[in-house]
Structures are given as structure tokens and as C-alpha cells.
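S.K.: One structure follows; several queries about it will come next.
The values are calculated or read from the model by the stated rules, or taken from the named source; none is laboratory data. Every value quoted in this text rests on a predicted model; they were computed, and no experiment measured them. Don't worry about glycine lacking a Cβ; one is built from the backbone with ideal geometry, like all the others, and counts go over all protein chains shown.
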Amino acid sequence: MSPLDATDRSICLADEWPTLSGAKGAESFRRLHCFMKNSISKKVDVFALFLPEIKDLLKTRNFAQAKDIIKRIPSIDLAEGIKLLEDNEKILVFKLLGPKAAIEVFESLNFKDQSYLLHNLENQEISQVLNEMASDERADLFKDLRPAIVKKLKNLMKKEEVDDLNKLLKYPEDTAGSLMTTEFIELHPPMTAKKALLTLQENYKPGQIKDINSVYITDETHKLLGEVTLQILIIAGPDMLVRDIMTPVDWIKVEAATPSTDVAKNFEKYDLLNMPVVDAENRLIGIISIDDVVELVHRERTKEIYEIGKMSHKEGEEIRYAHIGSLGLVKRRAGWLMFLLVFDFLTGTVLKTFEHALTNVVALTFFIPMLLDTGGNAGNQTSITLIRSLGTGDVTLKNSWKVIKVELVAALFMGAIVGAVAFARAILLQQSPILALVVGITMTSIVLLAIVTGLFLPLISKRFGLDPAVLAGPITTSIVDVIGLIIYFKIAQALIPVLKM
């Protein structure tokens, strides 16, 4: 049993709980109530806190008391905690959930646990889950299933749900159509505010229709005319017509083929909670909600960070140390590491080529780490800034020349500054003006090289439709290392008399 501190326990003991099946049950609920009071500040994992009790109750087949505990745990915590259970325990816990909670938990599970449940639940239970899921969540699930499983599961679904699923599966990944849900409520201009509210109440389906913030107005052919917020509907006079309180949506609506990155930008730009999706004839076919966009942005940012760090991004699947082992880390990292290692073989080749210079002027080796590390840092600063700006739309291929000018002028200033500092450091360390001059000029040259490399690699990749993050970070550093060494030794050979021979 997970211990509580003195404050928690005093709170728990002060609360009166109805008697359940024994002292152990009462103590479990005291701790659950205590957790709910303090979970925000302490960020305790509620499922993990009650994991021993849940496992014990399942083992002794005390399902009634286990159900009482489980139903008080938020669905999202249940979804995160289920992975801590054994396979047979996952099935039991899921069967103890009520219909609404079962849908919420299933939608929040990772694909591996969803797939396991689909393979081990009864057909009736699977049918209920699939038919009641939000349409966009269901489409995401089916995209990853094997064709044979898809065919089997479709046989367990209602015809109208299958038709809806087939429509959503036709939309390519990373488009507005792949993000939208097709469960929504339409209002019409002649309706009164009172009639509109009644329509919402009559057609609202918890679990399928997501949180309503804006309701969209269409004509009899489903063509999109405008929107009205729920707040406006509530405060409007009961006899006011919808046409008089609706607002236009021309600047926020998107077609199904719109790239998902553009969808995310519009959500941020217009501070949206919902976005209507239309077809080529301006008919309303779906709605994208903010939770879908938050998930999309999270995946894209995770993918971008892993790409910059040169790891397998797996479409934005986040690495969680609680669930990944050593072998999983090796799989995500080893490929890129080996590629970069092969690329860095060139560094050794350059050093071997200029072995004579190193032998005659050993002091040259003292400054290699400083020169290469500074170059790598300068390149990374530029590439990361540019990649972020490309992602937000601040930089496009149309305005790239302005960006190039700004970066090149900045590169000249930064090169001069760090070159002067490197020159001073070399003087203090070796007290050789010629060597210090070599180091200073090289530092300036490497910083210029690094910034130019960090600038043009993302722009070139964007031009050819590649992900700019792929060519950032370590690849920029590797290029700077190899070319920077060549520049260093060539400058040394030109300025140091003993190396001219």
C-alpha cells in the first residue's frame, strides 16, 4: 500500500466515508479522496497509487469492490495505468468499466493495448466500443490494423458506422480530412435561438459528439453559411433568429485536402476551439476540435526534436522511460549514430592528411576542440532557429532571400567577435602571434561556414520537399568538422613558416 504523509492521512481520517466491504475498502476510499484533494499540487499517479489494491481485488475476484475503486479514477488515468497491469488484468479492468468510461479509456489507450483488447474481448463488447467511439478516433485505430482484422471488425459494426469509417479512411494522413470527426450538429438560419438549443439537446450524443463550442449553420443542401457560439445561443433571446446572431467563417473553414500543418497554424492564428471542414462545393462534412490539433502539434514537435537529435522519430511517438527498455532506445538511436559515425570517418582522414603539420606544430592540436565545438554550436543555433521559423510559416521560400541577408550579416558580426576572442585566447595560451592569427582567422571562417551550412541545408531540403529537421543538428556539425579542419590546416600552412616547406 502506498504511504501517505501526515497531512494527507489527517485529511483522510477527517473525512467520513460510507462503510464499504471491510476496513480495507474504507481505507482505499479515504486515500482516493485524499489524492483527489492534493493531486494537482503533488501530481501523484492515482492509478499507480491504488495499483496494489486493484491487483489484489482482481486476484481474489472481488470485482464489486474493484469496480467501486475503478469508477472513481479519471478515465485518462485509467488509460495510462492499464499498461501497468498483466494482460489478463487489463481485460478484467476493462470489463468493469461502465459504457461511457469504457469508450473514453479505449480512445486514450495506445495502439498496442487497443489491439490487445480487440483480440480478447467478446464480440458484443467490441461492437459496442467501435460503434460508440468518436469517428476520428476510430479511423485512427483502423489505419494501423491489418486488413484481415479490419474486415472482421467491420462485420461487428453498424452499416452507417462502417460507411462513415470508409469515408474517413480515404483521406490521406496529414490532411484536415484525417483529423476531422463527422459527428456534428447543424443548425439552420430560420431557427430561433430556443429551437436551436432544443435541437442541440435532442441530438447530442456523449462520447461521439465532442465538446460543443461553436455550432455551424448550413442551408438545406448542407452548404456552410456561418457559425454561432454556444455562449451566444444561451444568452440570446428565445425568439431571436439564428441568421441574426451567426458570424461568418470564410477565413477559418478548410477543405478536407488542406495539410494538417496549415490547420494547426489557423487554430493558433485565430485562437480556435473548433474548425469546420468543407468539400469542394462548400458543404459541411466534418469538424476538427482543439484536442485533435494539440495531439497533432505534440506529435510534430516530438518528431522535430528527435529528428534534430538524429533519432528515429516513429511519426512523433514519444520516448517514455517508464515504458521503453534499453533495446528500444538502441533501435531508436543506433541507425543514425552509425550513419554519422561513417560520415565522421572523414575527420580522421583529414587529420591523417595533415599529420605533418600536427607533428611540426603540436600546439595546433590545442585549439581543434574549441574551433569545432564553436562551429557546431553556431550551426545548430542557425538551423534550429530556421527550422522553427519554417514550421510556423514565418519563413517561406518566397521570403527566404530576406532571411539569408539577415543571417549573413549576423554571421559576419558573430564571426568577427568570436574570432577576436579566439585570437586573444591563443595569445594567452601560446604567446605566438602567428599561431594566434591562424586560430583567429580560422574561428571566423568556421563560424561563417557553420552559419551558412545551418542556413542553407534546411532551405534546400524545404525546396525539394524534404523535412528540414533531417539535415539539421549533427549533420551540420559533421560538415563543419570536416571542412573546418581543412580550413584550419590550410590557413596554418599559409601563415606558419615551418609548414610552408
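S.K.: Just checking, how many residues over the range 243-282 are part of a strand (DSSP E or B) and farther than 13 Å from MET180 by Cβ?
M.R.: Going through the range 243-282 one residue at a time, the tally reaches 2.
S.K.: Considering only residues that are assigned to a helix (DSSP H, G or I) and in contact (Cβ under 8 Å) with a residue 40 or more places away in the chain, look in the range 169-203 and name the one that is nearest to the chain's Cα centre (by Cα).
M.R.: In this case the residue turns out to be LEU179.
S.K.: From the list ASN213, ASN203, which residue is under 18 Å from PRO276 (Cβ atoms) and out of contact with any Ser or Thr (no Cβ under 7 Å at 6 or more places or on another chain)?
M.R.: ASN203
S.K.: Let me ask something else. Can you find even one residue in the range 465-476 that is in the same structural domain as VAL361 (by TED's automatic domain parsing), in contact with a Ser or Thr (Cβ under 6 Å, 6 or more places away or on another chain), modelled with pLDDT under 85 and not in a helix (DSSP H, G or I)?
M.R.: Yes, because at least one residue in the range 465-476 is in the same structural domain as VAL361 (by TED's automatic domain parsing), in contact with a Ser or Thr (Cβ under 6 Å, 6 or more places away or on another chain), modelled with pLDDT under 85 and not in a helix (DSSP H, G or I).
S.K.: Further, regarding this structure: Output yes when any residue across the range 247-264 is touching a helix residue (DSSP H, G or I) at 6+ places or on another chain (Cβ under 6 Å) and surrounded by fewer than 16 Cβ atoms within 10 Å (Cβ to Cβ), and no when none is.
M.R.: no
S.K.: Checking the structure you have, find out if any residue of the range 70-84 is touching a residue at least 12 places away in the same chain (Cβ under 8 Å), under 30 Å from LYS167 (Cβ atoms) and of a type outside the set (A, V, I, L, M, F, W, C).
M.R.: There is at least one residue in the range 70-84 that is touching a residue at least 12 places away in the same chain (Cβ under 8 Å), under 30 Å from LYS167 (Cβ atoms) and of a type outside the set (A, V, I, L, M, F, W, C).
S.K.: How many residues are in a helix (DSSP H, G or I), without any contact (Cβ under 8 Å) to a residue 12 or more places away in the chain and charged (D, E, K, R) if we restrict to the range 100-129?
M.R.: Selection size over the range 100-129: 1.
S.K.: Looking at LEU457, LEU485, LEU437, can you tell me which residue is surrounded by fewer than 20 Cβ atoms within 10 Å (Cβ to Cβ) and touching a Leu at 6+ places or on another chain (Cβ under 8 Å)?
M.R.: The match here is LEU437.
S.K.: May I ask you to list pairs of residues, at least six apart or on different chains, whose Cβ atoms are under 6 Å apart, with the first in the range 258-269 being among the β-branched types (Val, Ile, Thr) and the second being part of a helix (DSSP H, G or I)?
M.R.: Between residues of the range 258-269 that are among the β-branched types (Val, Ile, Thr) and residues that are part of a helix (DSSP H, G or I), the close pairs are THR258/ALA176; VAL263/ALA176.
S.K.: Of the residues VAL403, VAL409, which is in the same structural domain as ILE487 (by TED's automatic domain parsing), modelled with pLDDT of 75 or more and surrounded by 14 or more Cβ atoms within 10 Å (Cβ to Cβ)?
M.R.: VAL403
S.K.: Report whether or not MET275 is in contact with a strand residue (DSSP E or B) (Cβ under 7 Å, 6 or more places away or on another chain) and more than 30 Å from GLY391 (Cα to Cα).
M.R.: No; evaluated as a whole, the condition is false for this residue.
S.K.: Between PHE106, PHE94, PHE111, which is under 24 Å from THR181 (Cα atoms), surrounded by 19 or more Cβ atoms within 10 Å (Cβ to Cβ) and in the same structural domain as GLU173 (by TED's automatic domain parsing)?
M.R.: Of PHE106, PHE94, PHE111, the one residue that is under 24 Å from THR181 (Cα atoms), surrounded by 19 or more Cβ atoms within 10 Å (Cβ to Cβ) and in the same structural domain as GLU173 (by TED's automatic domain parsing) is PHE106.
S.K.: Same structure, new question: Among the residues of the range 274-291, which ones are over 23 Å from ASP394 (Cα atoms) and not β-branched (Val, Ile, Thr)?
M.R.: ASN274, PRO276, ASP279, ALA280, GLU281, ASN282, ARG283, LEU284, GLY286, SER289, ASP291
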